[in-house]
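The values are calculated or read from the model by the stated rules, or taken from the named source; none is laboratory data. Since this is a predicted model, take the numbers as computed values, not measurements. Cβ atoms come from the backbone with ideal geometry, glycine included; neighbour counts cover every protein chain shown. Protein only, heavy atoms only, side chains kept; ligands, DNA and RNA dropped before computing areas. Shrake-Rupley method; radii C 1.70, N 1.55, O 1.52, S 1.80 Å.
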Amino acid sequence: MPDSRSGEPLERPSSTRSGLYDRFGRRLNYLRISLTDVCNLRCVYCMPEKMQFRPRRELMNDDELFFITRMMVSLGVEKIRLTGGEPTVRPNLVGIVRTIARFPGLRDLAITTNGLLLPQIAEPLARAGLNRVNISLDTLDPEKFRRITRWGDLHAVWAGIEAAEAAGLRPIKINAVVTRGFNEDEVVDLARLTLEREWEVRFIEVMPFGSEADFAQSVVVTSQETRRRIEEALGPLYEIPGHSPNDPARPYRLAGARGSIGFISTVSEPFCAGCNRLRLTADGTLRLCLLRDGELDVLTPLRRGANEEELRARILNAVYAKPWGHGLPEGEVPRLRLMSQIGG
Ligand code: SF4
């Protein structure tokens with residue numbers, strides 16, 4: 001069995017081995033696809049208020065998206081998460097979900113959304129083959145929500161969560177990015193939601209990207225601090241056994257709670273040893289690590305007529321060279337893209 005703990009590169013695996021592997025023996029079977037860089041909110045830790053979005057012609061059209069995604073699934077991707085910007089603003093989203101959900105070999109199709117448009121599309125997405133949703137929610141205070149998102153309406157997100165539940169998109173996961181000076185004092189209220197609801201509330205350390213990187217690094221709240229705040233107020237958190245090493249969120253439960261609490265500690269406790277993730281950006285590049293700028297442009301050669309065999313070979317080589325982990329401890333901060341241009 002390859003040793004993926006040491007970080008030491010292994011012999012290049014033979015091409016007969018099915019699946020996408022990197023040089024550390026990690027199997028990359030989870031693809032996060034950014035459908036657009038556009039968003040209908042402007043979260044302060046994610047993008048500037050006056051955001052310049054990419055021209056549509058520079059982004060994958062539906063056929064290009066299907067071609068590259070189908071190829072990735074045939075190379076061994078089994079799980080796909082649709083992200084953005086905000087994926088629900090992408091035209092023809094229901095059609096995109098219906099097509100991708102039918103790719104042979106795909107086991108799971110999910111979406112990460114701010115929830116604002118879910119009341120209109122949760123049902124059609126579920127019928128089209130979507131399995132589950134993660135909804136971004138950093139605060140339960142309508143005024144603070146408006147401040148963090150610059151103009152968002154918290155009630156619309158609530159309506160979105162309820163629409164997702166009614167459509168059977170489960171389990172519901174709530175993603176809360178904890179930002180100092182904005183919502184570190186709210187983690188207890190967010191955690192309390194799990195007492196009555198079967199939701200998984202995940203607290204995410206803010207990550208540095210592009211022009212927002214310096215700000216993001218100045219407002220990090222570690223998972224240790226968030227956990228301490230929750231336990232001081234609500235009692236001990238009990239670890240839920242059977243945590244998958246691929247899952248970035250370590251799961252816990254409060255005594256007697258229906259739901260669970262997860263911590264995604266990319267900055268303070270990196271979990272790269274179990275990384276199984278690749279990202280496809282809306283402009284058609286394969287990003288090998290969320291927090292490193294190394295990418296393979298797939299769309300340009302595709303548009304220039306490269307055939308599938310050539311593209312598969314490039315992808316296999318690029319994935320094999322995936323870096324072990326991020327370089328934040330060494331001060332290496334990704335500068336090429338904002339979070340909204342990667343999709344998290
Ligand atoms: S930082 Fe990079 S290597 Fe580490 S878990 Fe995230 S994507 Fe994987």
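List of remarks:
- If R0 equals 41 Å, the separation of the Cβ atoms of Phe53 and Gln224 corresponds to a calculated FRET efficiency of about 0.65.
- Degrees between helix 308-320 axis and first principal axis of the chain (Cα, 0 to 90, nearest 10): 50 degrees
- Taken per residue, the accessible surface of the chain reaches 43 Å², heavy atoms only and a 1.4 Å probe.
- Between Leu195 and Glu269, the contour length at 0.36 nm per residue exceeds the alpha carbon distance by 24.0 nm.
- Stretched out straight at 0.36 nm per residue, the stretch from His243 to Ala156 would grow longer than its current Cα-Cα span by 28.1 nm.
- In segment 246-344, the trypsin sites (Lys or Arg not before Pro) that fall in loop regions by DSSP, at most 10 other Cβ within 10 Å: Arg304
- Volume per residue of the convex hull around the Cα atoms, evaluated for the chain, comes out as 132 Å³.
- Efficiency of FRET between Ser211 and Arg147 - r from beta-carbon atoms, R0 30 angstrom, step 0.05: 0.90
- Nearest-ten-degree value, helix 118-128 long axis tilted from longest Cα axis of the chain: 40 degrees
- Phi angles across segment 49-54 convert, under the Karplus curve 6.51 cos²θ - 1.76 cosθ + 1.60 with θ = phi - 60°, into 3J(HN,Hα) values of 4, 8, 8, 9, 8, 6 Hz, Gly and Pro given as x.
- Counting only protein heavy atoms and a probe of 1.4 Å, the accessible surface of the chain is 50% carbon and sulfur.
- Cross-link partners of Lys144 among lysines (Cα-Cα below 24 Å; sequence separation of 8 or more within a chain): Lys50, Lys173
- For segment 220-255 versus segment 290-344, the gap between their alpha-carbon centres in whole angstrom: 31 Å
- Within segment 19-341: Cβ-based charge dipole about Cα centre, in debye rounded to nearest 20 (Lys, Arg +1; Asp, Glu -1): 780 debye
- At R0 = 35 Å, FRET efficiency that the Cβ-Cβ distance of Ser18 and Arg303 yields, to 0.05: 0.75
- Taking 0.36 nm per residue of separation and subtracting the Cα-Cα distance, full extension of the segment from Asn61 to Arg107 would add 14.2 nm.
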